[in-house]
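Worksheet for the structure shown next.
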Amino acid sequence: QASPVDAPNRFVLNIQPDQQVPFEQLLAKEGIGGVELYPMIRARLISVNGTPIGPERYEDDRARRLIDREFNLSYSDRLPSHNRVDGGRWINPAASEVSAEEGIVKTLGLSLGDRLGFDVAGEVSEVTLVGTRKLAWDSMKVNFFMIGSPTVFATSPQTWITSLHLPAPKSELVREWLNRFPNLTVIDTTTIVTQVRAIIDRVVAAVQFLFVFALIAGLVVVYAALASSRDERITEAAVMRSLGASRRQLFAAQMIELAASGLLAGLMAAAGSMLVGWVLATQVFGFGYRPAWWLP
């Protein structure tokens with residue numbers, strides 16, 4: 001549900017700088033609009049505030065992997081539409097600055113104002129971390145951990161990357177792209193998303209089975225509770241009948257008692273499930289929680 005129907009389903013990598021304009025023209029000719037190409041640079045973070053860093057500096061496995069390899073960064077003079085500034089500010093395109101994804105900042109223990117040194121094909125560039133960004137990973141659009149100023153990275157060795165939505169009737173166009181630009185790498189995410197949805201469907205089916213099982217178990221418990229108090233209810237009814245209560249009054253009294261108990265139990269269960277749902281959505285999965293007010 002997080003991704004729209006027309007979310008990108010193809011990633012195109014390894015577009016060479018001299019192929020950028022011809023590829024955009026090819027897409028426009030085929031009626032595929034609204035596609036943004038982004039420069040992608042392979043870089044390694046080698047220093048923070050002038051101090052060389054390596055994997056041994058970190059205990060977290062993910063941080064070690066990030067420092068031990070090159071990762072992709074980009075440059076831009078404007079904030080991507082599917083990103084938002086989470087802390088600090090957006091970069092000044094004319095200055096030596098960089099904006100980082102909020103998660104990688106925490107993983108690597110970085111702070112705003114840090115001077116980061118990047119090794120790009122043997123050339124070392126220093127930039128100041130001036131802001132953090134929150135990325136919409138579920139948009140299926142191109143995202144980067146680091147986006148720097150064009151004045152620093154525009155001349156670095158680079159390729160271009162994009163993501164786009166290719167309707168099923170136009171899937172054959174990929175072959176035409178590869179015939180014209182054999183160096184391109186086209187990743188079809190449709191199959192991946194289909195597999196993920198199939199897995200989610202299986203998980204949902206398992207949860208529904210557990211729900212039915214729990215419901216049946218609950219009915220058994222309720223029946224057992226009623227059966228265990230049957231003799232006591234018969235005795236109470238006999239006493240009340242001997243004191244002049246009619247059969248109708250006894251029936252109404254028992255219905256009111258059971259209805260009140262059921263109402264109280266139902267409200268407690270509904271409130272508990274909404275509370276658990278809110279905790280799971282906001283604290284565990286990071287979803288926007290929309291309570292089902294009809295549940296109580």
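Brief remarks follow.
- Working from Cα pairs under 8 Å separated by at least six residues, relative contact order for the chain is 23 percent.
- Projecting the Cα positions of 213, 147, 227 onto the charge dipole of segment 147-236 (unit charges on Cβ atoms of Lys, Arg, Asp and Glu, taken about the Cα centre) puts 147 furthest along the positive direction.
- Whole-number accessible area per residue in Å² for segment 81-130, which is evaluated in the context of all protein chains at 1.4 Å: 43
- Per residue value of the accessible surface for segment 190-296 (all protein chains in place, 1.4 Å probe), Å²: 84
- Here segment 1-99 has 46 percent of its accessible surface on carbon and sulfur atoms, given a 1.4 Å probe and all protein chains in place.
- Positive-end residue, the chain charge dipole about Cα centroid, Cβ charges, pick of 38, 275, 186: 275
- Nonpolar atom fraction for segment 150-240, defined as the carbon and sulfur part of the 1.4 Å probe accessible area, stands at 69 percent.
- Choice from 72, 14, 179 showing the highest fluctuation, given a GNM over the chain with Cα pairs closer than 10 Å: 179
- Calculated mean residue ellipticity, 222 nm, the chain: -13500 deg cm²/dmol, from DSSP H runs (n ≥ 4) at -39500 (n - 2.57) each, averaged per residue and rounded to 500.
- Heavy-atom accessible surface of segment 247-296: percent carbon and sulfur, 1.4 Å: 72
- In nm, spacing of pseudo-spin labels at residue 188 and residue 85 (7 Å Cα→C-beta vector): 4.2
- Inter-centroid distance (Cα atoms) of segment 248-288 relative to segment 1-44, Å: 50
- Whole-Hz Karplus values for segment 106-123 come out as 5, 4, 8, x, 8, 9, 4, x, 5, 9, 9, x, 10, 9, 10, 6, x, 9 Hz, taken residue by residue from phi with 6.51 cos²θ - 1.76 cosθ + 1.60 and θ = phi - 60°; glycine and proline positions read x.
- Helices assigned as whole DSSP H runs in the chain whose Cα atoms extend at least 15 Å along their own long axis and whose mean Kyte-Doolittle hydropathy is 0.5 or higher are found at 190-228, 247-279.
- Lys/Arg +1, Asp/Glu -1 at C-beta; the chain dipole; positive extreme among 58, 47, 265: 265
The values are calculated or read from the model by the stated rules, or taken from the named source; none is laboratory data. Since the structure is predicted, the reported quantities are computational estimates derived from the model, not experimental observations. Positions of Cβ are generated from backbone atoms using ideal geometry, with glycine treated the same way; all protein chains shown enter the neighbour counts. Remember, those area values only see protein heavy atoms, side chains included, never the ligands or the DNA or RNA. Shrake-Rupley method; radii C 1.70, N 1.55, O 1.52, S 1.80 Å.
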